[in-house]
Structures are given as C-alpha cells and as structure tokens.
Amino acid sequence: MQPLSYGCGTAQAPLIYQTIGELLEQIAAEHPTREALVVPHQGIRWTFAEYLREIDRLASGLLALGIQPGERVGIWAPNCYEWCLTQFATARIGAILVCINPAYRTYELEYALNKVQCRALITAESFKTSQYLSMLRELAPELASSGGS
C-alpha cells in the first residue's frame, strides 16, 4: 500500500483523514435514502445507497479488468451519469482518473492517449458530431477483432 500524502497550511477547517471512497461510504451509511445523483436528461435519480451500489459495480468491473491502484483510467464523454460513476469508482480502487476532452478530434485523442498511458478508456458512443467509437476504431483497428467495443 502506498503511503498517504499529507500537507497542511494555515486553515480554519481541519483536514479529513479519509479517502474519497471512505467518505462516500460513510455518507451513504448515514443517509442511504437521500438523493445523491440526479441527471434529468438520462432519467437518473439515485439515493446514496443506489449510487454507492452502482459505483461499486463499476469499481468491481475495473478490478476484474486488472486495473491496479495508481493506474490510469480515461473517461471520454460529455456530462452523464457514467462520468460520475467513473469518477468515484476509480477513487474507490485507487486508480487515477484521466479526463479526455469530449471535443477532441482523432489526432488530439491519439496524442492524449499516448501521453497519459491509460490502461482502460470508458467512453460514450458519440457526442454531437463526434463518433467516438469510430474514432477509436480508426486509431486502433484491432478493436474490431478483439471482441470489445
């Protein structure tokens, strides 16, 4: 396990000695029926208990893929509930979330992915005029025969 970082300057509020995942779990235990995530355009209205369950499902999936603490997981999507899940799921397992600009063109995506070395990429199918899956297939034609999408 990696040692936790600590730095404290002059402040009125004390530091919280919990990870994001631990704090989320505590809040979900204290307020399981309160709303935690509302995304009207996707019809999502989850309580803390529901949100934590979905976060842990994604975190388990990332672990099953072999994602280890400290490894990078990219998210390439507009505002959506999947983005929120990815943010907390990566925090729960100690992975580093890499935000990929949803407006990137293929050459910008290629540069970003090569630069940050993501082990996994979570993406929407498309956004506005960008066809994300087609752009990924252009960069990595082997995706077509890998069984993944």
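Of note:
- Cα long-axis angle, helix 81-93 against the chain (0 to 90 degrees, to the nearest 10): 60 degrees
- When every Cα-Cα distance of segment 1-143 is counted in 10 angstrom steps from zero, the calculated P(r) takes the values 10, 33, 34, 18, 4, 0 percent.
- Cα centre as origin, Lys/Arg/Asp/Glu Cβ charges: the chain dipole, Debye: 160 debye
- Of the accessible area of segment 28-149, computed with a 1.4 Å probe over protein heavy atoms only, carbon and sulfur atoms account for 51 percent.
- Over the C-alpha atoms of segment 105-149, the Rg to Rh ratio, Rh being the Kirkwood estimate, stands at 0.94.
- Under-5 Å amide H pairs with residue 120, H placed in peptide plane, nonlocal only: 74
- Overall Cα dimensions of segment 38-80, principal axis frame, Å, largest first: 32, 24, 14
- Taken one residue at a time, the phi angles of segment 23-36 give Karplus couplings (6.51, -1.76, 1.60, θ = phi - 60°) of 5, 4, 4, 5, 5, 5, 5, 6, 9, x, 9, 6, 5, 10 Hz. Gly and Pro are set to x.
- FRET E, pair residue 145, residue 20, Förster distance 41 Å, beta-carbon r, rounded to 0.05: 0.65
- Rolling a 1.4 Å probe over the protein heavy atoms gives segment 8-56 an accessible area of 72 Å² per residue.
- Projected label distance in nm at residue 10 and residue 115, using a 7 Å step from Cα toward the beta-carbon: 3.7 nm
- Table column - 3J(HN,Hα) (Hz), segment 119-133, Karplus curve with 6.51, -1.76, 1.60, x for Gly and Pro: 7, 8, 9, 9, 9, 7, 6, 7, 7, 6, 8, 8, 9, 4, 5
The values are calculated or read from the model by the stated rules, or taken from the named source; none is laboratory data. Source: prediction; values computed, not measured. In this analysis, Cβ positions are derived from the backbone assuming ideal geometry, glycine residues included, and neighbour counts consider all displayed protein chains. Heavy atoms of the whole protein, side chains included, go into the accessibility calculation; ligands, DNA and RNA do not. Shrake-Rupley method; radii C 1.70, N 1.55, O 1.52, S 1.80 Å.
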